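These notes are about the structure you will find just below.
The values are calculated or read from the model by the stated rules, or taken from the named source; none is laboratory data. These numbers were taken from a predicted model, which means no experiment stands behind them. In this analysis, Cβ positions are derived from the backbone assuming ideal geometry, glycine residues included, and neighbour counts consider all displayed protein chains. The accessibility values were calculated without ligands, DNA or RNA, using every heavy atom of the protein model including side chains. Shrake-Rupley method; radii C 1.70, N 1.55, O 1.52, S 1.80 Å.
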Amino acid sequence: MNLFDSHCHYNDEKFDIDRKEIIMQNFEKGVKKAVVAGYSLKSSEFAIEIANKYEHLYATAGISPNDLEEIDLEKIEKLAQNKKVVAIGEIGLDYHYTTENKELQKQLFIKQIEIANKLNLPIVIHTREAVMDTLQILKEYPVNKKGVFHCCPLNIELIKEGLKLGFYISFSGNVTFKNAKNAGICIEAVPLDKILIETDSPYMTPEPHRGERNTPANVKYVAEKIAEIKDITAEEVAKQTFQNAERIFGIE
Ligand code: NI
């Protein structure tokens, strides 16, 4: 089964001890393509460095709402012109940890949408406890190349509105969690040609590996869960989501 992990963090320090080995092992296990997501200046630079080393890996560049210490959008714009960068991200809004910097988060989100439009790239959205504001910004500041709701919250309203706006929905290990009561209705609500799968590794480890470091090979558990809900084979899910990821990220 050939899998496309649409969002992982091989750039995370948790992979420092065995990055090269795990990248090659996962390739052998079927992770034939993956996007290494940036979330700050440093992590975006490193994502690009990794993507330039491995033909089957791609990168995103962007500043996430949880990484506001070092904001340099000129630098992000420059980084995003690297040929292995397939999207601006992860960007968006996150009110989970604090709501005190809402305005700064919104401004940063909007400015990075403008960079995406300038460079003709899609965006990778991080949204947490900020559904209404996220949707409002996407409506007011349309993204030409659309993009992906990464590690999409299992919120049916968000999913329906996101689809209406032309975005893809990326499911992560959270759909396998025992307490993910809406996983079924959320997966059912997304047509197969709009679904991506991801690990967000080393975080969001799916069942049955919770508690361990997550790794892109585990994206197969996300494919299996979707297959179960949609009553098709995991192979079909893998194949379709692979094509979807190549389409949205403009990969041959
Ligand atoms: Ni992420």
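Structure summary
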{"quantity": "Cβ-defined net charge surrounding Leu165, 11 Å radius [Lys, Arg +1; Asp, Glu -1]", "calculated": "+3"}
{"quantity": "The range 1-138 - accessible surface per residue (Å², probe 1.4 Å)", "calculated": "45 Å²"}
{"quantity": "Carbon/sulfur fraction of accessible area - the range 3-249, other protein chains in place, 1.4 Å, %", "calculated": "49 percent"}
{"quantity": "Highest-fluctuation residue, Tyr168, Tyr203, Tyr97 considered, GNM on the chain with Cα pairs under 10 Å", "calculated": "Tyr97"}
{"quantity": "Nearest-20 debye value, the range 112-198 charge dipole, Cβ charges on Lys, Arg, Asp, Glu", "calculated": "120 debye"}
{"quantity": "Estimated FRET transfer efficiency when R0 is 35 angstrom, pair Glu69-Glu212 (beta carbons, to 0.05)", "calculated": "0.75"}
{"quantity": "Estimated distance in nm for a label pair at Ile185 and Leu119, the labels positioned 7 Å out from Cα along Cα-to-Cβ", "calculated": "3.8 nm"}
{"quantity": "Cα gyration tensor category, rounded, prolate or oblate, for the range 133-252 with a/c compared to 1.5", "calculated": "prolate"}
{"quantity": "Kirkwood Rh and Cα Rg combined as Rg over Rh, evaluated for the range 3-249", "calculated": "0.93"}
{"quantity": "For the range 113-125, 3J(HN,Hα) per residue [Karplus equation, 6.51 cos²θ - 1.76 cosθ + 1.60, θ = phi - 60°, Hz, x = Gly/Pro]", "calculated": "4, 5, 5, 4, 5, 5, 8, 6, 10, x, 10, 10, 9"}
{"quantity": "Net lengthening on full extension, Lys139/Leu192 (0.36 nm per residue, minus Cα-Cα)", "calculated": "16.7 nm"}
